[in-house]
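Engineer: There's a structure below that I have some questions on.
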Amino acid sequence: MHLLNQFISFTSQTLRRFIFTATLIVSVTTFLIVLTTLFWIFLMQSNEISTRNSTEMATQILNSITRAMEEGSNLQKMNEIVESYRRLFPGRYSISIRPSKTVTESSYPLPEPDSEPSFLQGFSGNGAVHNRTINSIQHFFPLKTEAKCIFCHPNAKLGEILGVLSITEDIRGSRNDFLRRFFYTFLFFAPIPFLMAYLVSRFVNLHLGDAVGILDKKVRSINSIADLTKLELDLESEDIKFQELRDIFAEIRKIAGKIKGVAVGKEMLEFEIRVLERFIITSDTIRDWKERVGLLLNEINSVMQAYTIFCVFQIEADAYEIEVFWKRPPSDSTLKTMEYTIKERINEEKILYSPGCEVKISHSIVNPQEAMLEVQPAEIELQTKSLFLNTPQIGGVVGIGVQSLSAADPIRSLVINSILTTMINVVGSIKAIYKYTKDLEYFATRDPLTNLFNQRIFWDLLGYEVSRAERHNYSFGVLMIDLDNFKHINDMYGHFVGDKFLSKAASVIHECLRKGDILARYGGDEFSVVLTEADQEQVYMVADRIRESLEEMCITTVDGAKIRGSASIGMAIFPSHAQTPKDLFLFADNMMYLAKSRGRNCIIIPTENDVLNVFEKSSEMSRILLKVLEEKRVIPYFQPIVGTGNREVACHEVLCRIEFDNKIISASEFIEIAEKLAIITKLDSILMEKVFQKVQETGYDGYLFINLSPKSLIVKEFVPMVIRLARTYNIRHESVVFEITERETVKNMTLLESFVIVLRDEGFKFAIDDFGSGFSSFQYIRRLPIDFVKIEGMFVRNMLSDPKDLSFVKTLSMLAKEFGILTIAEYIESEELLQAVHSLGIDYAQGYHTGIPAPDFTKGPKIEASLRPDS
């Protein structure tokens, strides 16, 4: 069966082969059937003739022997007659006489009945017996006693069998001669079926196979829409002999016509691909979205000629903006015609122009140096293709269009429609990313509430001012300002009034400064100021002016209550009090707290004792840290992080504490000094060992968020140390999440990236802490394999009362989701905040509402929706 299937498959590969094989099989089969029939007929006739001849010869021999017996010949005489016939036909006839018992018993014994059944039939007296075998013809004639036989055989009775005459003719020679003649005849006629198969298949292929071959050749030659038209004409001109084939050719012509009507040619697809290749959004794309669209217009012109791209954006509910980009300067008439055409297309779509709707049209010329463009109104109308949406998409885009010569071609017009569908998303995305990037760049350096510099930029500018003062040998001052009783204002009047108070204070402070001075919101109700090129007296004068202005400041609440302000101010002078940014800030910060302790609403002018006390305090902490490090008195605290949806504890953040004199000291009191002493990496190492040991003892299996300085990651021994500790305490690498903080900047970002990738390959995960507080966090998310981001708590805490903070948190959440990164909101201090971050799609929450730091893992029930901070 397998061989048969293979044979059928082989013969069915081509029509010519199939026709020849089928014809050959039919011819050979017919030839064999006819030959077999003739052979059988000839064989039967030959057998009949040979039997008849043999019978005649046997009868002749019988007659001869009978005459001899009538003449009284004895048995010996009859044997001589038999012998004469044997000599006459040597090897052909075998003749013998078997006498009966009556004739003689001794000389001619009777044959055994079982071995000679034919002789027995002869002795039975029923007449002559004729038998035919494959090699011979046998005749048995009974010799009966007649009256004239009694004379020689007195013992016999009339009618008794005297003997049996056996005549056997050997027919092998004649049979072989017949087969030989038949074989030669077969060989002579054998080529006939093959010749017939060839001639018949040749005839059929001439009319059928050639037609199929023509069709195959023409179909294979189709490579474009134009080839389909040529196929229709060629098939119509072909002279086909069979009606069935003519019908097939006619149907194929119809199919070619239908395909030509709906298909887009290869060149059209290549054209579309080349255009779409120009739509790739890269990092350079977002720098200036208008410039990018202009470049896009130039790139499209490398594929097809396009004069204009226009985009329609919904800015507000009843405000729209239309941006028209020209490849080269248009004439006044062309510009007005294009504006009219765009407005007509917009009116047809019924998108805008409701009463009072504001529409602004802007024109941008991509290549102003090129020759002026002059296009007739009819051409603009014919060559303009547009696409409009019912609702604004990303970036506020509601419509887009292109004016191109290709738009007049019906086929290319279909392709341009598909291109516009992609283009409306690309342009919208470019503008949206541009806006988001500008917002992120701004808020990476600015406080969203007051629009002042944030803490991150303050440190950069303070470091820059120290370097500049050292080079030019001048002094400058640093102020730390804390608004008195701000918490009381917040608690009594709410966050909205508190934010209004902070904004007003920022404005008042800014008015008191000189041009070139630096003002930043350091955090909460604290402001920091850098007074450039100023001595102690000038710094004090500015500080006092700020204090007096804040004291006179007053805001009125909705219920008519008047709120006045005051501030405690600390100051430090470079280089008199300190020579480094951290020491200057530490000194001014201590002076500010000293002012608060002395009754507030005052300025502390540092004395020599103040300088000594500050640095003694710093030296004391340094001594404590070195002793703690030596005795490994680092204690990990764990703050729970819960899912915003299920409210269940999913992970813990590890917080570093040190124990000294039976007191627990938080990281905020020693972290800066630890970094200054360059022992932060050793503290991280001890902390991790304590944490891993705790995990092994308790069987904790959730995520562990461990804060690390970026400088710890680039220490050569850090990665092997982490892997060794994890192996020692059987910690799953996937459960450890390293938080990269921005306490210190890393100049060699490539080195940090390589160390992070090594740990990532080992299975460890990474998170960015205070995401959004500084621009380097965006560098981290762009270059490092980040799994989590923790959104800056300053934005989260005020998002319910400040739309800007809410927008910023939403933007950060969307950006993280675009990168496939899980989000954690910090500073969750109320149920309202927890519900709000959940509604924004933020994954996890952390804060005093979800759990306070503790030396043990939180194993309590999940946070209930009804829980309040005061419950």
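The values are calculated or read from the model by the stated rules, or taken from the named source; none is laboratory data. What you see is a predicted model, and the numbers here were worked out from it, not measured in a lab. Neighbour counts run over all protein chains shown; Cβ positions are idealised from the backbone, glycine included. Note: accessible area is taken over every heavy atom of the protein model, side chains too, but ligands, DNA and RNA are not part of it. Shrake-Rupley method; radii C 1.70, N 1.55, O 1.52, S 1.80 Å.
Engineer: Filter the stretch 812-821 down to the residues that are over 18 Å from residue 454 (Cα atoms) and either in a helix (DSSP H, G or I) or of a type in the set (Ser, Thr, Tyr) (or both) and list them by number.
Structural biologist: Of the residues in the stretch 812-821, the ones over 18 Å from residue 454 (Cα atoms) are 813-821.
Answer for the stretch 812-821, where residues must be over 18 Å from residue 454 (Cα atoms) and either in a helix (DSSP H, G or I) or of a type in the set (Ser, Thr, Tyr) (or both): 813, 814, 815, 816, 817, 818.
Engineer: Test of understanding: among 543, 534, which residue is hydrophobic (A, V, I, L, M, F, W, C), part of a loop (DSSP other than H, G, I, E, B) and over 60 Å from the mean Cα position of the chain (by Cα)? Write out each step before concluding.
Structural biologist: Working: 543 fails: part of a loop (DSSP other than H, G, I, E, B).
So the residue among 543, 534 that is hydrophobic (A, V, I, L, M, F, W, C), part of a loop (DSSP other than H, G, I, E, B) and over 60 Å from the mean Cα position of the chain (by Cα) is 534.
Engineer: Can you name the condition, by its number, that residue 501 falls short on among (1) more than 17 Å from residue 459 (Cβ to Cβ); (2) part of a loop (DSSP other than H, G, I, E, B)?
Structural biologist: Of the numbered conditions (1) more than 17 Å from residue 459 (Cβ to Cβ); (2) part of a loop (DSSP other than H, G, I, E, B), the odd one out for residue 501 is (2).
Engineer: Looking for whichever is closer than 30 Å to residue 442 by Cα and either assigned to a loop (DSSP other than H, G, I, E, B) or modelled with pLDDT under 65 (or both) here; the options are 240, 222, 280. Which one fits? Give the derivation first.
Structural biologist: Numbers: 240 fails: closer than 30 Å to residue 442 by Cα; 222 fails: closer than 30 Å to residue 442 by Cα.
The match here is 280.
Engineer: Which residues, counting only those in the stretch 823-857, are of a type in the set (Gly, Ala, Ser) and assigned to a loop (DSSP other than H, G, I, E, B)? Lay out the reasoning, then the answer.
Structural biologist: As a first pass, look at the stretch 823-857 and keep what is of a type in the set (Gly, Ala, Ser): 825, 830, 836, 839, 841, 845, 847, 851, 854.
The answer is 830, 841, 847, 851.
Engineer: Taking residue 420 as meeting all but one of (1) farther than 25 Å from residue 782 by Cα; (2) under 30 Å from the mean Cα position of the chain (by Cα); (3) at pLDDT below 70, write down the number of the exception.
Structural biologist: Unmet for residue 420, out of (1) farther than 25 Å from residue 782 by Cα; (2) under 30 Å from the mean Cα position of the chain (by Cα); (3) at pLDDT below 70: (3).
Engineer: Give the residues of the stretch 490-524 that are crowded, with 21+ Cβ neighbours inside 10 Å and either at pLDDT below 85 or among the hydroxyl-bearing types (Ser, Thr, Tyr) (or both), sorted by residue number.
Structural biologist: Of everything in the stretch 490-524, just one residue is crowded, with 21+ Cβ neighbours inside 10 Å and either at pLDDT below 85 or among the hydroxyl-bearing types (Ser, Thr, Tyr) (or both), namely 522.
Engineer: Kindly evaluate residue 60 against the criterion of being at pLDDT below 75, assigned to a helix (DSSP H, G or I) and over 17 Å from residue 175 (Cβ atoms).
Structural biologist: Details: at pLDDT below 75: no; assigned to a helix (DSSP H, G or I): yes; over 17 Å from residue 175 (Cβ atoms): yes.
No.
Residues are listed down the side, and each one gets a yes or a no for (1) at pLDDT below 70; (2) in contact with a helix residue (DSSP H, G or I) (Cβ under 8 Å, 6 or more places away or on another chain); (3) assigned to a helix (DSSP H, G or I):
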{"position": "336", "(1), (2), (3)": "no, no, yes"}
{"position": "339", "(1), (2), (3)": "no, no, yes"}
{"position": "361", "(1), (2), (3)": "no, yes, no"}
{"position": "371", "(1), (2), (3)": "no, no, no"}
{"position": "378", "(1), (2), (3)": "no, no, yes"}
{"position": "406", "(1), (2), (3)": "yes, yes, yes"}
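Engineer: Only one of these is modelled with pLDDT of 90 or more, buried (at least 17 other Cβ atoms within 10 Å of the Cβ) and not basic (Lys, Arg): 852, 824, 863. Name it. Spell out the reasoning first.
Structural biologist: Details: 852 fails: buried (at least 17 other Cβ atoms within 10 Å of the Cβ); 863 fails: modelled with pLDDT of 90 or more.
Exactly one of 852, 824, 863 is modelled with pLDDT of 90 or more, buried (at least 17 other Cβ atoms within 10 Å of the Cβ) and not basic (Lys, Arg), namely 824.
Engineer: Could you grab me the full set of residues in the stretch 283-311 that are closer than 17 Å to residue 373 by Cα, at pLDDT 70 or above and either of a type outside the set (Phe, Trp, Tyr) or part of a helix (DSSP H, G or I) (or both)? Walk me through it before giving the result.
Structural biologist: Applying the first criterion (closer than 17 Å to residue 373 by Cα) to the stretch 283-311 yields 294, 297-298, 301, 304-310.
When the remaining residues are screened for being at pLDDT 70 or above, the result is 294, 297-298, 301, 305-310.
Of everything in the stretch 283-311, those that are closer than 17 Å to residue 373 by Cα, at pLDDT 70 or above and either of a type outside the set (Phe, Trp, Tyr) or part of a helix (DSSP H, G or I) (or both) turn out to be 294, 297, 298, 301, 305, 306, 308, 309.
Engineer: Being open to solvent by 50 Å² or more (accessible area, probe 1.4 Å), of a type outside the set (Val, Ile, Thr), in a helix (DSSP H, G or I) and at pLDDT below 75 is true for just one of 206, 187. Which residue is that?
Structural biologist: 206
Engineer: Separate question: What residue, among those in the stretch 567-592 that are at pLDDT 85 or above and surrounded by fewer than 19 Cβ atoms within 10 Å (Cβ to Cβ), is farthest from residue 470 (Cα to Cα)?
Structural biologist: Step by step, filter the stretch 567-592, then rank; the result is 576.
Engineer: Looking at the stretch 768-785, can you tell me whether even one residue there is surrounded by 23 or more Cβ atoms within 10 Å (Cβ to Cβ), more than 28 Å from residue 503 (Cα to Cα) and under 28 Å from the mean Cα position of the chain (by Cα)?
Structural biologist: yes
Engineer: If a residue has to be open to solvent by less than 20 Å² (accessible area, probe 1.4 Å) and in a helix (DSSP H, G or I) to count, how many in the stretch 441-462 make the cut?
Structural biologist: 3
Engineer: Do we find a residue being under 35 Å from the mean Cα position of the chain (by Cα), buried (at least 21 other Cβ atoms within 10 Å of the Cβ) and either on the phi > 0 side of the Ramachandran plot or hydrophobic (A, V, I, L, M, F, W, C) (or both) anywhere in the stretch 796-807? Even if it seems obvious, please write down each step before you answer.
Structural biologist: Step one: list which residues in the stretch 796-807 are under 35 Å from the mean Cα position of the chain (by Cα), which gives 806-807.
Still in the running and buried (at least 21 other Cβ atoms within 10 Å of the Cβ): none.
Within the stretch 796-807, not a single residue is under 35 Å from the mean Cα position of the chain (by Cα), buried (at least 21 other Cβ atoms within 10 Å of the Cβ) and either on the phi > 0 side of the Ramachandran plot or hydrophobic (A, V, I, L, M, F, W, C) (or both).
Engineer: Does residue 397 satisfy the criteria of being open to solvent by less than 10 Å² (accessible area, probe 1.4 Å), touching a helix residue (DSSP H, G or I) at 6+ places or on another chain (Cβ under 7 Å) and at pLDDT 70 or above?
Structural biologist: No.
Engineer: Considering the stretch 463-489 alone, what residues qualify as being aromatic (Phe, Trp, Tyr) and open to solvent by less than 30 Å² (accessible area, probe 1.4 Å)?
Structural biologist: Once the filter is applied, which keeps residues that are aromatic (Phe, Trp, Tyr) and open to solvent by less than 30 Å² (accessible area, probe 1.4 Å), the stretch 463-489 yields 476, 486.
Engineer: Also, I was wondering about something else. Being closer than 18 Å to residue 523 by Cβ and part of a loop (DSSP other than H, G, I, E, B) is the filter here, so list the residues in the stretch 463-492 that pass it.
Structural biologist: Of everything in the stretch 463-492, those that are closer than 18 Å to residue 523 by Cβ and part of a loop (DSSP other than H, G, I, E, B) turn out to be 484, 485.
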